[in-house]
Amino acid sequence: MPVPIIRSRNELRAIVAGWKAAGETVGVVPTMGALHAGHLSLVRAAKAGSDRVVVTLFVNPRQFNNPADLAAYPRTEASDAEKLGPLAVDVLYVPDGDQIYPEGFSTTVSVAGVSEGLCGTHRPGHFDGVATVVTKLLLQTGADRAYFGEKDWQQLQVVRRLVTDLDIPCEIVGCPTVRESDALALSSRNLRLSEAERAAAPALPQALDVAARAIVAGTPVAVALDDARAAIVAAGFRSVEYLELRRDADMAPTESAEAPARLLVAAWLGDIRLIDNLPLPAVERARQAG
Ligand code: PAF
């Protein structure tokens, strides 16, 4: 069954109102298209958790700090719609530009704290763009639950914060990162890697894994991070933009393996910027295993 495509927010609202009047719950999966197995896992989670599922597809210009990146972003609506057909998605919402940013639009949602550092430092304005469009998509869809991948861990924390702060009645569900068999996290950017770059790319998750284990085994954080940076560059990456250990609770930098924390990295492979993150294995489990 082809998925119905809706382009107007009023039409979407009328459909959702009908579902809610019938007592049905609504899940939304916000995307920028170029759907891969990671997105489809979010759709499956949404299908399992809600009566109705809306997938949104909007390439949001306000979250691109680099115009070349926006221009190069894949636009694959027809094949995206085809991928959603077998998953019985109820609506694919592909808003026209003016449905999100009408003439005179002047509001920015800006989340302090969790959006600072990491991608927030290296992509100025990015999280303002994400927070603004996600707020609009949650309000336009009226969804009860929204599904986001843990691969964009900092984005997930920004979305959680804004929903809490703005009293948006939507539960945010984080879903595990989907990886290739060689551990590379799925990303639409992977398609732009050359053959040699694709072969080098798994060094990123491997370096995180080695560093996470080393930290839990007692290696000082700074040493483990230096080793990981060296391994990533030795594998052929051009540079490591950031590599940090941050606490799960509040995203604060930490030097300790005691509280739940994760490593977050962004690195350049040629002209492609890849990000990934990995939680530290629980200290207790590692002690028992050792
Ligand atoms: O993760 C994404 O694809 C985008 O940042 C999102 C959440 C759809 C907002 O444009």
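Each peptide among 135-144, 16-25 gets the average number of other Cβ atoms lying within 10 Å of its residues, and from highest to lowest they stand as 135-144, 16-25.
Please report 32, 251, 1 as a ranked list, fewest other C-beta atoms within 10 angstrom at the top and most at the bottom. Intermediate values should be presented prior to the final figure.
On the way: 32 19, 251 24, 1 8.
Ordered by Cβ neighbours within 10 Å, fewest first: 1, 32, 251.
Taking other C-beta atoms within 10 angstrom as a stand-in for reagent exposure, 180, 103, 258 fall in the order 103, 258, 180, fewest first.
Taking the Cα centre of the chain as origin and assigning +1 to Lys and Arg Cβ atoms and -1 to Asp and Glu Cβ atoms, the resulting dipole is close to 260 debye. Taking the C-alpha atoms only, the angle from helix 203-216 to the longest principal axis of the chain is near 60 degrees.
Each residue in 41, 187 was given a count of other beta-carbon atoms within 10 angstrom of its own, and listing them fewest first yields 41, 187. With a simple spin-label model that places each label point 7 Å from the Cα along the Cα-to-Cβ direction, the separation between residue 230 and residue 11 comes to 5.9 nm. Between 0 and 90 degrees, the angle of helix 9-21 with respect to the longest Cα principal axis of the chain falls at about 90 degrees. Here the chain carries DSSP beta bridges of which approximately 50% are antiparallel, counting only pairs with both residues inside. Straightening the chain between residue 165 and residue 71 buys 30.6 nm, computed as 0.36 nm per residue apart minus the Cα-Cα spacing. Counting every pair of alpha carbons in segment 24-91, the share spaced more than 20 Å apart comes to 32 percent. No solvent, one uniform scatterer per C-alpha: report log10 I(q)/I(0) for the chain via the Debye equation at q = 0.07, 0.11, 0.12 1/Å, two decimals. Those come out to -0.28, -0.68, -0.81, one per q. Against the chain, whose longest principal axis is taken from its Cα atoms, helix 153-165 shows a tilt of about 50°.
With the simple spin-label model, which puts each label point 7 Å out from Cα in the Cβ direction, the residue 25 to residue 180 separation comes to 3.6 nm.
Since every read-out is calculated from the coordinates, none of them should be taken as a lab result. Computed from a predicted model, the values in this text were never measured in an experiment. FYI the Cβ positions are ideal-geometry reconstructions off the backbone, even for glycines, and counts take in every protein chain you see.
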